[in-house]
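Right, one structure below, let's go through it.
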Amino acid sequence: MSGGRDVWTGPLQSIPADPLAATWAAIDEVLDPEIPISLVELGLIYGVELDDGVVTVQLTFTATACPCMEFIHEDIEDRLALEPWVDRVEIVEVWDPPWTNERITAEGRAKLKEFGVGV
C-alpha cells in the first residue's frame, strides 16, 4: 500500500507466464491521487515495455502543470518494484499525442459517473 490511498494486491510469488500483462495489471492498481480511478482507466498510460527486468512506462498527464506528477511517478515505481520480474522502472513522459478525455476507458467513465463527474 502506498501513502494509505492505493490498495495493492502485493507481489506475485513467482514470475507469471505473461509478465507484460501482469505488469499492466499492477499499473492498473495505481490510482490517480485526486480521484480513486486508476491511471490506466484514465488513459494516462500510453504504453508499457518489459525488457530483461526493466519496465519502461510511457505516461502522460492531463495537464503540463499537474501538481501530482512526482507523486504519480513514485506510486508507479513503488508498485512495480514489488514484483519479482521487475529490476528497474523507467518512466517516460509523453506529451504527443496530448491526453484528451477520449482516452478514458469505459470502466473509468463509469467510475467517474459514480463520483458525479461527467466526461
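The values are calculated or read from the model by the stated rules, or taken from the named source; none is laboratory data. This is a predicted model, so every value here is computed, not measured. Neighbour counts run over all protein chains shown; Cβ positions are idealised from the backbone, glycine included.
Observations
- When Leu50 is tested against (1) in contact with a strand residue (DSSP E or B) (Cβ under 7 Å, 6 or more places away or on another chain); (2) under 19 Å from Trp8 (Cβ atoms); (3) part of a strand (DSSP E or B), exactly one condition is not met: (1).
- Positions within segment 84-99 being part of a loop (DSSP other than H, G, I, E, B) and either within 16 Å of Val40 (Cβ to Cβ) or touching a strand residue (DSSP E or B) at 6+ places or on another chain (Cβ under 8 Å) (or both), in sequence order: Trp85, Val86, Asp87, Val94, Trp99
- Residue list for segment 20-37, restricted to those being in a loop (DSSP other than H, G, I, E, B) and free of Cβ contacts under 8 Å to residues at least 24 places away in the same chain: Asp28
Quick grid of which residues meet (1) closer than 18 Å to Arg88 by Cα; (2) modelled with pLDDT of 95 or more:
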{"site": "Ala17", "(1), (2)": "no, no"}
{"site": "Pro33", "(1), (2)": "no, no"}
{"site": "Glu41", "(1), (2)": "no, yes"}
{"site": "Leu44", "(1), (2)": "no, yes"}
{"site": "Glu49", "(1), (2)": "yes, yes"}
{"site": "Leu59", "(1), (2)": "yes, yes"}
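- Unique residue being of a type outside the set (Lys, Arg), in contact with an Asp or Glu (Cβ under 6 Å, 6 or more places away or on another chain) and not in a helix (DSSP H, G or I) when the list is Val117, Val55, Val40: Val40
- Answer residue from segment 40-73, given it is buried (at least 16 other Cβ atoms within 10 Å of the Cβ) and hydroxyl-bearing (Ser, Thr, Tyr) and is farthest from the chain's Cα centre (by Cα) among those: Thr62
- If the condition is being outside any helix (DSSP H, G or I) and not small (Gly, Ala, Ser), then segment 65-83 contributes Cys66, Pro67, Cys68, Leu82, Glu83.
- Residue selected from segment 86-119 under the condition of a type in the set (A, V, I, L, M, F, W, C) and over 19 Å from Glu70 (Cα atoms), by the criterion surrounded by the most Cβ atoms within 10 Å (Cβ to Cβ): Val86
- Residues of segment 76-100 satisfying the condition of being more than 20 Å from Pro33 (Cα to Cα) and of a type in the set (A, V, I, L, M): Val86
- A residue that is touching a Gly at 6+ places or on another chain (Cβ under 7 Å), of a type outside the set (Phe, Trp, Tyr) and either touching a residue at least 60 places away in the same chain (Cβ under 8 Å) or under 15 Å from Val40 (Cα atoms) (or both) can be found somewhere in segment 57-67.
- Among the residues making up segment 74-85, those that are charged (D, E, K, R) and either surrounded by fewer than 14 Cβ atoms within 10 Å (Cβ to Cβ) or in contact (Cβ under 8 Å) with a residue 24 or more places away in the chain (or both) are Glu74, Asp75, Asp78, Arg79, Glu83.
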